[in-house]
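**Student:** Below: one structure in structure tokens.
The values are calculated or read from the model by the stated rules, or taken from the named source; none is laboratory data. Everything numeric in this text was worked out from a predicted model, so none of it was measured. Because the Cβ atoms are built from the backbone with ideal geometry, glycine has one as well, and the counts that use them run over all protein chains shown. Quick note on the areas: whole protein, heavy atoms, side chains included, nothing else; ligands and nucleic acids left out. Shrake-Rupley method; radii C 1.70, N 1.55, O 1.52, S 1.80 Å.
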Amino acid sequence: MKFADLATYFEKIEAVSSRLTITSLLAELFQKLTPLELEKTVYLLQGRVVPAFQAIEFGMAEKTVVKAIVSALNMEKAYFDREARKMGDLGKTVEFFKKQFLSFEAKDLTILETYEALYKAATAHGDKSQEFKINILSLLIRQLDPLSARYLVRIPQTLMRLGFSDMTVLDAYSWMLTGDKSLRPAIEAAYHVRPDLGYIGRILKEKGVKEMANIQPHIFTPIIMMRAERLSSGEEIIAQIGTCAVEPKYDGFRLQIHYDKKSGVVKLYSRSLEDVSLMYPDVIEGIKKQMSADEVILEGEAIGFDPATGSFLPFQDTVQRKRKYDIAEKALEIPLKLFCFELLYADGKNYVHTPFIERRKCLEEIIHTTKDISKDTVLIAPHEIISEGVKIELNFEDAIARGLEGIIAKKLDGIYQPGARGWNWIKFKRSYSSKIEDTIDCVVMGYDAGKGKRTDFGIGAFLVGIYDKTKEKYVTIAKIGTGLTDIEWREIFAKSQKLKVKSKPSVYEVEKGMECDVWLDPYLVVEIKADEITKSPIHTAHLALRFPRLQRFRDDKKAEDATTLSEMESMFTGQGKTK
Ligand code: AMP
């Protein structure tokens, strides 16, 4: 297919907001593509050339894109800038000017030709790479038609934002094959194991939906992580899963580790599947030293450790290791310990469906530890097999006394459930002062400009919401205007700036009285603590938080990982039960 034809689809998709219409447009597009075209188009639809978990970014700031544009159009930069400011959109400005000039280099490029050129630009590095990227983009602008140019320049700025999620693409795959959503569960299960949308699409086209059952974990493609359900007493846990393995719940950050001994490459992925390998060189060294398998995917929680006192550090300290600069210095100051708790794949064997207790046995076999915490970076999360509620309570009290967050109970024959919050893992945390046991992960949907003292911060209150899975919408639960430090107000304002959108996103359901001055794309996740959940007529969740306050920013979580409405409803019915 020609890129120009793809651009007409971009335009149609951009013009509609109904999820159903987008799905059917995508399905129609996908039907017309070859397997390879489909794979690459899906990346382009997301404004990328590789799946999101691969850290290949275009690295072109708006300024650089403008350089490519003015060079392609042979225009004076000041004039172009003036017009672009008026139109408020680089893509449309390029399109406008392209319509006025006839290019001698016009070429009806295919999707694959355009993709190849963009791929080269994205993967260029070194001294002259910026110049190289500008030249490639500039040539493409000269070659492509006006509408194609509009979308082309949005790709390197990661401004595609066509308003749909990975889930819509999965629906569209099902539509492509059957004209309805019926295949989505089978496709989604495969996607959880191998969340590379392009790859999944290509295999569907090449081999059909039957092949989805054969999708295996793939080294250096992170598996979507399993999550835990929550309960608030030992007795409830035993009633739910019977005799179980009880592990401490470390309050650090989760890592999924992929290691290939032959090439010596270790990659670390965060909960939101971001490649964070560069941040934790000490963990990488530990894995190389202590791992006996040749090829492995495992998971653990990394937590800061104070060698002087032999104790674990609180989350606020551990989180300082999440940084892009001064990595080596901080690693010396705050060394990490990685407590491994899951084995998902080793030497050609997929462990995802193996019962927990067997997975755990294999995990112990492939990691060499001296069992001396001061010597090893990689350790195995200790566990105790317990069959009585009171014993779980004792274990829990002990974890709290040691400064840990609580415990996680694991069903002995439970499988690993990629992408699911399942009962095979149950977390039990305690909050001393509040009736709600757990915190709530909310998406920041918008904010109001500051009044009084807060005019300095540019933000006076922000609206937060949770995810209603049934409606596939974000619903509101609180507008928060107090309880943040000056630093936190400044931080939330700064983090919001990139996310501003002109109007309320169509996935937001907001009552009139809760409208915001500024709307944000669903991206920023904050952990909110509150005293109580109450019924509410003014919030679209029909529930609201009493005395909400910011606990911390959850940059490691994606908007889709926010607490769901049904979870909040069960917290509401369960509140007060905690001790
Ligand atoms: P959730 O993410 O809501 O499912 O809460 C469970 C989180 O606890 C995981 O994502 C891990 O980051 C963390 N965690 C800490 N210790 C453990 C453990 N022993 N087993 C599993 N998860 C753990």
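**Student:** Using helices alone, I'd like the mean residue ellipticity at 222 nm for the chain: each DSSP H run of four-plus residues gives -39500 (n - 2.57), total over residue count, nearest 500.
**Tutor:** On the way: 20 runs with 216 residues, N = 579.
Estimated from H runs of four or more residues: -11000 deg cm²/dmol.
**Student:** Report the relative contact order of the chain, percent, no decimals, based on alpha-carbon pairs under 8 angstrom and at least 6 residues apart.
**Tutor:** Details: 1092 pairs, mean separation 68.2, N = 579.
Relative contact order of the chain: 12 percent.
**Student:** Right, here's the next one. Let me know the whole percent of all Cα-Cα pairs from segment 501-579 that are separated by more than 20 Å. Walk me through the numbers before you get to the answer.
**Tutor:** Details: 1269 of 3081 pairs.
The answer is 41 percent, as a whole percent.
**Student:** Provide H258, H192, H218, H353 ordered by accessible surface of protein heavy atoms (probe 1.4 Å), highest first.
**Tutor:** Heavy-atom accessible area, descending, gives H353, H218, H192, H258.
**Student:** Longer than 24 Å from Cα to Cα, which of K133/K262; K249/K479; K77/K504; K67/K98 are they? Say none if no pair is.
**Tutor:** Violating the 24 Å Cα-Cα cut-off are K133/K262; K249/K479; K77/K504.
**Student:** So for segment 314-422, considering every pair of alpha-carbon atoms, how many percent are separated by more than 24 Å?
**Tutor:** Summing the P(r) of segment 314-422 above 24 Å gives 42 percent of all pairs.
**Student:** Do any chymotrypsin sites (Phe, Trp or Tyr not before Pro) in segment 270-337 lie in a loop, going by DSSP, with at most 11 other beta-carbon atoms within 10 Å of their beta carbon, and if so which?
**Tutor:** Sites meeting the loop and neighbour criteria: Y325.
**Student:** So how do D531, D196 rank on accessible area, 1.4 Å probe, biggest first, that is with the largest at the start?
**Tutor:** Sorted descending by solvent-accessible area, the residues read D531, D196.
**Student:** Given R₀ = 41 Å, FRET efficiency for I219-T485 by Cβ-Cβ distance, to 0.05? Mind showing how you got there, number by number?
**Tutor:** Numbers: r = 43 Å, r/R0 = 1.04.
It comes to 0.45.
**Student:** Which trypsin sites (Lys or Arg not before Pro) from segment 480-568 combine a DSSP loop assignment with at most 16 other Cβ atoms within 10 Å?
**Tutor:** Sites meeting the loop and neighbour criteria: K498, K502.
**Student:** Taking the full set of protein chains and a 1.4 angstrom probe, give the accessible area of D306 in square angstrom, rounded to the nearest 10.
**Tutor:** Its heavy atoms expose roughly 50 Å² to the probe.
**Student:** Between their Cα atoms, which of K267/K427; K289/K558; K469/K535 are more than 30 Å away from each other? Don't skip to the end; give the middle numbers.
**Tutor:** Working: K267/K427 27 Å; K289/K558 32 Å; K469/K535 19 Å.
Beyond 30 Å: K289/K558.
**Student:** Let me ask you something else. Considering every Cα-Cα pair within segment 245-331, what fraction, in whole percent, is farther apart than 19 Å?
**Tutor:** Working: 1583 of 3741 pairs.
Pairs farther apart than 19 Å: 42 percent.
**Student:** Any idea what the relative contact order of segment 47-157 is, in percent, if you count C-alpha pairs under 8 Å spaced at least 6 apart? Show your work: numbers first, answer last.
**Tutor:** Values: 115 pairs, mean separation 51.7, N = 111.
Relative contact order here is 47 percent.
**Student:** Another one. Could you compute the FRET efficiency for K375 and K349, with r as their C-beta to C-beta distance and R0 at 30 Å, rounded to 0.05?
**Tutor:** Efficiency, rounded to the nearest 0.05: 0.55.
**Student:** Next question. For the chain, what does the convex hull of the Cα positions come to per residue, in cubic angstrom? Before the final figure, lay out each step's value.
**Tutor:** Numbers: hull volume 98.4 nm³, N = 579.
Taking only Cα atoms, the chain has a hull volume of 170 Å³ per residue.
**Student:** Continuing with the same structure: Hey, could you pull the Cα Rg and Dmax for segment 227-428, both in Å?
**Tutor:** Here Rg and the maximum Cα pair distance are 16.6, 48 Å.
**Student:** Here is a further query. How much net charge surrounds L112 when only the other residues with a Cβ under 12 Å from the Cβ of L112 are counted, with Lys and Arg +1 and Asp and Glu -1?
**Tutor:** On the way: positive: K2, K40; negative: E37, E39, E113, E116.
Value of the local net charge: -2.
**Student:** Between D326 and L412, 0.36 nm times their residue separation minus their Cα-Cα distance comes to what?
**Tutor:** Length difference between fully extended and current span is 26.8 nm.
**Student:** Another question, if that's okay. Taking a point 7 angstrom from the Cα of D294 along the C-beta vector, which residues in segment 234-268 have backbone N less than 11 Å away?
**Tutor:** 261-263
**Student:** Compute the Rg to Rh ratio over segment 61-148 from the alpha carbon atoms, using the Kirkwood formula for Rh, and round to two decimal places.
**Tutor:** Here Rg/Rh amounts to 0.96.
**Student:** Just the Kirkwood number for segment 338-394, please: inverse of mean 1/r across all distinct Cα pairs, in Å, one decimal.
**Tutor:** 13.0 Å
**Student:** Segment 31-124: which GluC sites (Glu not before Pro) are DSSP loop and have at most 16 other beta-carbon atoms within 10 angstrom?
**Tutor:** Those that pass, being in a loop and sparsely packed, are E57, E76, E105.
**Student:** Using the Cα atoms of segment 1-93 to build a convex hull, what is its mean projected area in square nanometres?
**Tutor:** The directionally averaged projection comes out at 7.6 nm².
**Student:** What's the extension gain from K262 to F104 if we count 0.36 nm per residue and subtract their Cα-Cα distance?
**Tutor:** 51.9 nm
**Student:** Using all alpha carbons of segment 43-191, what is the percent of pairwise distances in each 10 Å bin, ordered from the shortest bin to the longest?
**Tutor:** Calculated P(r), rounded to whole percents: 11, 36, 30, 16, 7, 0.
**Student:** For an R0 of 25 angstrom, estimate the FRET efficiency from the Cβ-Cβ distance between I385 and S570 and round to the nearest 0.05.
**Tutor:** 0.35
**Student:** Still on this model: Using Cα-Cα distances under 8 Å and only pairs 6 or more residues apart, what relative contact order does segment 134-206 have, in percent?
**Tutor:** It comes to 18 percent, rounded to a whole number.
**Student:** At 1.4 Å probe radius, can you tell me the per residue accessible area of segment 47-157 in Å²?
**Tutor:** With all protein chains present, segment 47-157 gives 51 Å² per residue.
**Student:** Treating the angle as unsigned and between 0 and 90°, give the value, to the nearest 10°, between the Cα long axis of helix 356-366 and the longest Cα principal axis of the chain.
**Tutor:** 80 degrees
**Student:** Could you work out the pair-distance distribution P(r) of segment 440-574 from its alpha-carbon pairs, with 10 angstrom bin width and percents rounded to whole numbers?
**Tutor:** All Cα pairs considered, the percentages come to 13, 49, 33, 5, 0.
**Student:** Here's a follow-up. Report, to the nearest 10°, how far helix 166-178 tilts away from the longest principal axis of the Cα atoms in the chain, using its own Cα long axis and a range of 0 to 90°.
**Tutor:** Here the helix axis deviates by roughly 70 degrees.
**Student:** Multiplying the sequence separation of Q551 and K500 by 0.36 nm and subtracting their Cα-Cα distance, what value in nm do you get?
**Tutor:** Length difference between fully extended and current span is 16.1 nm.
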